[in-house]
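Read-outs: derived from the displayed coordinates by stated rules, not from any lab. It should be emphasised that the depicted structure is a prediction, and the values quoted were computed from it without experimental measurement. Don't worry about glycine lacking a Cβ; one is built from the backbone with ideal geometry, like all the others, and counts go over all protein chains shown.
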Amino acid sequence: MLKHNFSAGPCILPKEVFQEASNSILNFNNLNLSLIEISHRSEDFVQVMDEAISLTKELLNIPENYSVLFLQGGASLEFLMVAINLMKKNGKAVYLDTGTWSSKAIREAELFGKTVIIASSKEKNYNYIPKKYIIPKDANYFHCTSNNTVFGTQIKDFPKSPISLVCDMSSDIFSRNIDISQFDLIYAGAQKNLGPAGATLVIVKKDILGKTGRMIPTMLDYRTHINKNSMFNTPPVFSVYVSMLTLRWLKKNGGINWVQTRNHQKANLLYKTIDSNSLFTGTVNREDRSTMNVTFLLNEPKLEEKFNSMWEKSGINGLKGHRSVGGYRASMYNAMNIDSVQVLVDVMNELEKKA
Ligand SMILES: *Cc1c(COP(=O)(O)O)cnc(C)c1O
């Protein structure tokens with residue numbers, strides 16, 4: 001049965017990417033060797049890494065003075081790497097607290113120096129994005145999370161920052177047009193919009209590095225990986241390869257403009273239903289609604305069992321909300337077709353008719 005996977009992550013990828021990735025496990029580039037057994041220093045793999053990097057630069061329109069890296073450790077390791085690479089000895093960093101992932105980033109930064117939370121939406125269980133705050137000029141960087149995967153909020157307009165703007169884009173990278181030159185550093189775990197878990201994408205403006213006055217362990221220093229073109233040690237070859245295939249798919253279909261329109265269509269369809277269907281309520285501020293992760297509640301708990309069995313029967317997977325919000329969460333990353341969203345909308349409307 002056709003499955004509609006609304007899981008928050010790891011996420012779905014295009015069918016054709018899964019197909020080609022499967023082939024490469026058995027016989028990569030007609031070498032009669034598997035992608036995962038060839039040397040990462042071989043010409044065949046070096047080309048994969050180069051293409052992954054160049055497609056990232058092309059699709060996101062990344063200026064010349066930035067490096068693109070594929071690292072390991074997930075976005076969670078970036079929480080620490082950002083701080084150790086950018087926070088000066090006796091320096092200060094400023095964070096926007098918009099939920100689970102920003103809180104984790106803040107906890108790591110606190111290990112390295114003064115960490116200031118400039119604004120937070122915690123008092124309303126993170127159901128909005130704080131907007132009226134002033135970023136101090138005397139801090140080393142300002143960190144924000146562009147899309148809050150757990151709570152379903154998304155920053156629509158990034159603040160003009162007088163200091164380095166650093167952003168965790170794990171769950172909405174490649175989903176919409178952004179102006180890279182606004183940011184000094186962007187990072188994203190691959191497994192939400194890009195590929196399988198294992199690789200972490202980092203986009204960093206080169207001239208911000210090497211200014212902290214502190215010792216940085218080799219593997220944690222961005223300059224190590226810039227100097228070795230993400231090949232200082234064995235890279236996560238499978239994740240990089242599949243990410244590259246996903247980027248080829250994205251380019252072939254029309255790039256970010258294409259996917260942004262498609263993501264808006266999907267989100268509009270579902271939010272329109274949440275707003276018009278008397279049984280459901282969205283959990284977040286309308287203007288801050290995420291196009292990637294849609295969080296909503298069923299107003300009558302007694303209908304829960306019925307709703308759950310209806311969507312399960314229609315092939316929907318992964319709709320249960322995160323424990324900190326409850327209710328439901330529909331994650332609709334790039335590879336999801338609008339047809340899958342229509343299946344969910346039909347189930348919601350059928351429930352209303354029956355109730
Ligand atoms: C999933 C997620 C993370 C954690 O990513 P890992 O790669 O598992 O460490 C961090 N930030 C955001 C916004 C996420 O959605």
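What to note about this one:
- Cross-link pairs 122/272; 104/206; 124/272; 252/320; 57/160; 89/156 - those with Cα-Cα distance over 30 Å: 252/320; 89/156
- Candidates per trypsin sites (Lys or Arg not before Pro) in region 151-247, loop by DSSP, up to 14 other Cβ within 10 Å: 156, 160, 211, 214, 228
- Average Cα contact separation per residue, region 243-350, under 8 Å, 6 or more apart, as relative contact order %: 29 percent
- Computed [θ] at 222 nm, helices only, for the chain once each DSSP H run of length n ≥ 4 contributes -39500 (n - 2.57): -11500 deg cm²/dmol
- Look at 18, 296, 183 and count the other Cβ atoms within 10 Å of each Cβ; fewest to most, that gives 18, 183, 296.
- Over every Cα atom in region 255-354, the radius of gyration and the widest Cα-Cα span, Dmax, amount to 13.1, 44 Å.
- As a length-normalised measure over Cα pairs under 8 Å and 6 or more apart, the relative contact order of region 15-253 settles at 26 percent.
- Other-chain or far-sequence residues with amide H under 5 Å of residue 320's (modelled H): 329
- Charge tally in the Cβ shell below 14 Å around residue 85, where Lys, Arg are +1 and Asp, Glu are -1, residue 85 excluded: +2
- Taking the square roots of five times each eigenvalue of the Cα gyration tensor of region 140-180, the equivalent ellipsoid has semi-axes of 18, 12, 9 Å, listed largest first.
- On the basis of the beta-carbon distance and an R0 of 30 Å, residue 211 and residue 104 show a calculated FRET efficiency of 0.75.
- Relative contact order [Cα under 8 Å, 6+ residues apart], region 90-201, whole percent: 21 percent
- Positive end of the dipole of region 1-84 (Cβ unit charges, origin at the Cα centre): among 63, 75, 40, the Cα lying farthest that way belongs to 75.
- Excluding same-chain neighbours fewer than eight residues apart, the lysines reachable from residue 313 by a Cα-Cα span under 17 Å are 3, 354.
- Excluding same-chain neighbours fewer than eight residues apart, the aspartates and glutamates reachable from residue 302 by a Cα-Cα span under 18 Å are 312, 350, 352.
- Once the chain from residue 179 to residue 1 is taken as fully extended at 0.36 nm per residue, the excess over their C-alpha distance is 60.0 nm.
- Averaging 1/r over every pair of different alpha carbons in the chain and inverting the result gives a Kirkwood radius of 21.2 Å.
- Net +/- balance of residues flanking residue 41 in space, Cβ distance below 15 Å, scoring K and R +1, D and E -1: -3
- Shown for the chain are the DSSP H helices of 20 Å or more along their axis, judged by Cα atoms, with a mean Kyte-Doolittle hydropathy of at least -1.0: 43-60, 237-253, 255-276, 338-354.
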